[in-house]
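> My structure is below; once you've seen it, I'll send some questions.
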């Protein structure tokens, strides 16, 4: 996993519960100001497609909906080396 993806995943897990991409961006931009919102959105969608995080079905489950949320499945993640 790339360092940026790991940072975003760590933020989702640290924030806990259902988080919005905006909340994740605010969290990670404090650590890495050069990371942009588009990277956060793409990474959240990628992690969702890979089954690492869940995107609750809302508004037909379409990507890019306003108020879109993601939930971590942090307990089932492999331990990092």
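Any read-out appearing in this document is the output of simple, stated calculations on the displayed coordinates, not a laboratory observation. Quantities reported herein were computed from a predicted structural model and do not represent experimental measurements. We place every Cβ from the backbone using ideal geometry, glycine too, and count neighbours over all the protein chains shown.
> Would you order 55, 42 from fewest to most other beta-carbon atoms within 10 Å of each residue's own beta-carbon?
The most exposed by this proxy come first: 42, 55.
> Determine, for 8, 53, the number of other Cβ atoms within 10 Å of each Cβ, and report the residues in order from fewest to most.
Exposure proxy ranking, most exposed first: 53, 8.
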